[in-house]
Each structure stands twice: as C-alpha cells, then as structure tokens.
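The values are calculated or read from the model by the stated rules, or taken from the named source; none is laboratory data. These numbers were taken from a predicted model, which means no experiment stands behind them. Methodologically, a virtual Cβ is constructed for each residue, glycine included, from the backbone with ideal geometry; neighbour enumeration extends over all protein chains shown.
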Amino acid sequence: MRLLILLLTVFTINLQASTQSHPFKIYIITWIGNTDSTKGFQDYLKFKDIPTEIILRAGDTKIDRIKEFKKEIRQLKPDLIYIEGTPSGLELYGPHDNIDPANHITDIPIISVLPPTPIASKMIKDWGPTGRNLCGVSHMLPIKAQVQAMKDYMDFKKIGTLFTQNESNSISAVSDLEQIGIKEGFSVIKTEIPINPETKKAIPDEIPKILKSLETKGVDLIYIPADTTLSTNTKILEQGINEINIASFVPIELLFIKTKALMGLVSKWYSVGEYAGYKAEQILVHKKSASEMKFDRLANHSFSIRKTTFNKIENYPPMNLLKYADIVN
C-alpha cells in the first residue's frame, strides 16, 4: 500500500511538471562565480524533470550589476529567482525591516542561498517562514557549534581572526565569537583587512601579512570567517596559511577546499543547491507560497580535517575525532 501511494505521488509530481504549458522561467544570480550550489540546484530540477528556462547572470561581487539585474527582472517577469550571497540578496529583496517595493523585488518568489548569517545581516527576522516573497538556505552552522568543533580538536586560549570591516557576515561572526570567548575563557585578537582609500575596497595582498602577525602575537588558532574578500581571494589566503605554522579553522566548504586550512565544520554547497531545488519544486510545481516556507540551514554537515596541514604544523587530531571526521589530503 505504501509503495502504491509513493508511486502515485511520483506520478502526480511528474504529471504536474509534464503538463506545464511552458517551461518555468528561472532567473539565477551568482555572486562569486558559478558554485556547486548553482550546479546542485539545476541538477535537482533536471532530475525531477521540471521544465525550465534558465537565465543565468553573474554578479561578480558588484552591487551595480545587481541593480541592473533588477531592471531586467522587472522586464522578463520570471517565475522564480534564485540568488546567492548576502550583499546581492539584500540589494535584490531588501532587509526585513526596510523593504521598499519601488526598489526591491517584492512580487516574484525568491530563493536566497549561501548567506552565512542571514539574521545578523537582517535578511530575515528569524528562522521561520518570512511572510514575504522569500525563502532560502544558509550553509553555515551556528558559531557555538563551530567553537565546539575547534575544542574537540584542540585546547586554545587565544584565537586570532581577520575580516573586512564593512562585511556584515564576518563582523557578526567575529562578534559572536568574542561573546562566546567571554563565557568560555578564551580571547579573540581581531584584525581588519586594510581598505584602499580610493576604491573603498579591502586590500587582499595584506592577508598573508595579517596571518603572520597573528602568529607572532601568540594565538593558538586562527579563525577565518565567511567573508567576501577572503572567499574571492583564496589563492592569496592559501599562500598566507602555507606561511604560518599554527592551526586554522574555516566555517564554509569553499574556504576549506580552496585553501590549506587545517579544519572546517562545513555543509556541502552542492547539497545546499539541491535543497534550494526542492524549495523551487514546492513553489513552481506544488504552488506553495515562498512566504509560508522556512529560511533555514542545511541539516547535513561534516567536520573536515586536512592531513597534509596537520602533518606540516605537527598538530595532530585526537584519536576519537578520526572515528567521524572527514580526513582529506
């Protein structure tokens, strides 16, 4: 009986998709280039045989592009918008406490993915349904869970961190880290990445110097937050990590994959995209309202540890971690 119900459900879903008179028009906006999340999203829709017309636009970390995309969206009137990142999302649909229908997209369902700290960034008020044309998926676990992962690996009394001074995600993360440190007995040494006075943008070439300076200040561990400057300059960040001999922790998959960070508590971006695809299916095929759907975190995550790095810095993981951690080279 259960098998029959399952087969009928699958048949109904496929029938709804196949009888769609035209492909669903989906407007995709990336922020730091095509990601595994973008791929996972599109693969899910293909796997479910949901007919789509994809309009792909690259933000390339430029807010002016998002402003232009808003004009195009109003002309094209897509059935759904998928957007990655925090600055791009805020420009597209606005903070929850300051929505302007004349400036923000308020009449088309939006799935917002890969914002590390959507509440602190005022993208959403809480993790429940948003009550507006928005739902989404965050890829970063709470700071408290990240701190526990670091403690599972090693003891520490002083954490060093670097961030961009106008980046809401990393500012929030570092602030939360400080508050936890006060309660749990460790200090946080904060360093802002210098800003070019002419361009008003962070100077990525300073990253290796900052990491070296944190090492000389005697920190036990360096926390590398989700930060646009760091995420878009991973080669420079990797160089800096290679030049120090202390532990490093990252909270997102991109930073772990593209640098030589020692460890990270991360969610797979491809899985984030698949989950966003499921939300798109609910909206497009099952006609659910984005306003009634949650903006939530991906439940699945892994504690990843890099073997080549712990061998290099001679800081080896405890044996009990090897039972469940993802050890990579």
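So which of ILE313, ILE305 is of a type in the set (A, V, I, L, M, F, W, C), surrounded by fewer than 20 Cβ atoms within 10 Å (Cβ to Cβ) and modelled with pLDDT of 95 or more? Even if it seems obvious, please write down each step before you answer.
Details: ILE305 fails: surrounded by fewer than 20 Cβ atoms within 10 Å (Cβ to Cβ).
Matching residue, one of ILE313, ILE305: ILE313.
How do the pairs read when you match residues in region 42-63 that are farther than 30 Å from ASN166 by Cβ with residues anywhere that are in a loop (DSSP other than H, G, I, E, B) and modelled with pLDDT of 95 or more, using Cβ under 6 Å and keeping only pairs 6 or more apart or on different chains?
As it stands, the answer is PRO51/PRO23; THR52/PRO23; GLU53/PRO23, since those pairs meet every condition given.
Looking at this structure, is LYS287 farther than 27 Å from ASN169 by Cβ, modelled with pLDDT of 95 or more, surrounded by fewer than 19 Cβ atoms within 10 Å (Cβ to Cβ) and over 16 Å from the mean Cα position of the chain (by Cα)?
yes
Restricted to region 144-169, and to residues that are without any contact (Cβ under 8 Å) to a residue 60 or more places away in the chain and not basic (Lys, Arg), which residue is farthest from GLY277 (Cα to Cα)? Working first, answer last.
We begin by selecting, within region 144-169, every residue without any contact (Cβ under 8 Å) to a residue 60 or more places away in the chain; these are 144, 147-148, 151, 165-166.
Retained after the next criterion (residues that are not basic (Lys, Arg)): 147-148, 165-166.
Details: VAL147: 30, GLN148: 31, GLN165: 33, ASN166: 31 Å.
Taking the candidates together, the pick is GLN165.
Tell me, which residue of region 254-268 that is among the charged types (D, E, K, R) and over 14 Å from ILE305 (Cβ atoms) is surrounded by the most Cβ atoms within 10 Å (Cβ to Cβ)?
LYS268
For region 18-33, how many residues are modelled with pLDDT under 95 and more than 26 Å from the chain's Cα centre (by Cα)?
5
Residues to consider are ILE252, ILE257, ILE210; find the one that is free of Cβ contacts under 8 Å to residues at least 24 places away in the same chain and of a type in the set (Val, Ile, Thr).
ILE257
With the structure loaded, tell me whether VAL147 is within 22 Å of GLY85 (Cβ to Cβ), surrounded by fewer than 24 Cβ atoms within 10 Å (Cβ to Cβ), among the hydrophobic types (A, V, I, L, M, F, W, C) and in the same structural domain as ASP227 (by TED's automatic domain parsing) or whether it fails that test. Even if it seems obvious, please write down each step before you answer.
Values: within 22 Å of GLY85 (Cβ to Cβ): no; surrounded by fewer than 24 Cβ atoms within 10 Å (Cβ to Cβ): yes; among the hydrophobic types (A, V, I, L, M, F, W, C): yes; in the same structural domain as ASP227 (by TED's automatic domain parsing): yes.
It is false that VAL147 is within 22 Å of GLY85 (Cβ to Cβ), surrounded by fewer than 24 Cβ atoms within 10 Å (Cβ to Cβ), among the hydrophobic types (A, V, I, L, M, F, W, C) and in the same structural domain as ASP227 (by TED's automatic domain parsing).
Just one of ILE246, ILE236 is assigned by TED's automatic domain parsing to the domain that holds LEU162 and either free of Cβ contacts under 8 Å to residues at least 24 places away in the same chain or touching a strand residue (DSSP E or B) at 6+ places or on another chain (Cβ under 7 Å) (or both); which is it? Full working, then the answer.
Working: ILE236 fails: either free of Cβ contacts under 8 Å to residues at least 24 places away in the same chain or touching a strand residue (DSSP E or B) at 6+ places or on another chain (Cβ under 7 Å) (or both).
Of ILE246, ILE236, the one residue that is assigned by TED's automatic domain parsing to the domain that holds LEU162 and either free of Cβ contacts under 8 Å to residues at least 24 places away in the same chain or touching a strand residue (DSSP E or B) at 6+ places or on another chain (Cβ under 7 Å) (or both) is ILE246.
Only one residue in VAL328, VAL266 is within 23 Å of TYR44 (Cβ to Cβ), of a type outside the set (Ser, Thr, Tyr) and either assigned by TED's automatic domain parsing to the domain that holds PRO23 or in contact (Cβ under 8 Å) with a residue 24 or more places away in the chain (or both), so which one is that?
Only one candidate passes the filter, namely VAL266.
Conditions (1) buried (at least 22 other Cβ atoms within 10 Å of the Cβ); (2) aromatic (Phe, Trp, Tyr); (3) more than 19 Å from ILE283 (Cα to Cα), marked per residue:
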| site | (1), (2), (3) |
| --- | --- |
| ASN98 | no, no, yes |
| ILE110 | yes, no, no |
| MET123 | yes, no, yes |
| ASN133 | no, no, no |
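Being in a loop (DSSP other than H, G, I, E, B) and surrounded by 13 or more Cβ atoms within 10 Å (Cβ to Cβ) is the filter; apply it to region 186-202 and report the residue that is nearest to the chain's Cα centre (by Cα).
LYS201
Provide a single number: the residues in region 203-217 that are more than 24 Å from the chain's Cα centre (by Cα) and not in a helix (DSSP H, G or I).
1
Can you confirm whether region 97-117 contains a residue that is without any contact (Cβ under 8 Å) to a residue 12 or more places away in the chain, among the acidic types (Asp, Glu) and out of contact with any helix residue (DSSP H, G or I) (no Cβ under 8 Å at 6 or more places or on another chain)?
yes
Taking the options GLU243, GLU253, GLU281, GLU238, name whichever one is more than 30 Å from ASP205 (Cα to Cα) and either under 16 Å from the mean Cα position of the chain (by Cα) or at pLDDT 95 or above (or both).
None of the others qualify; the one that does is GLU281.
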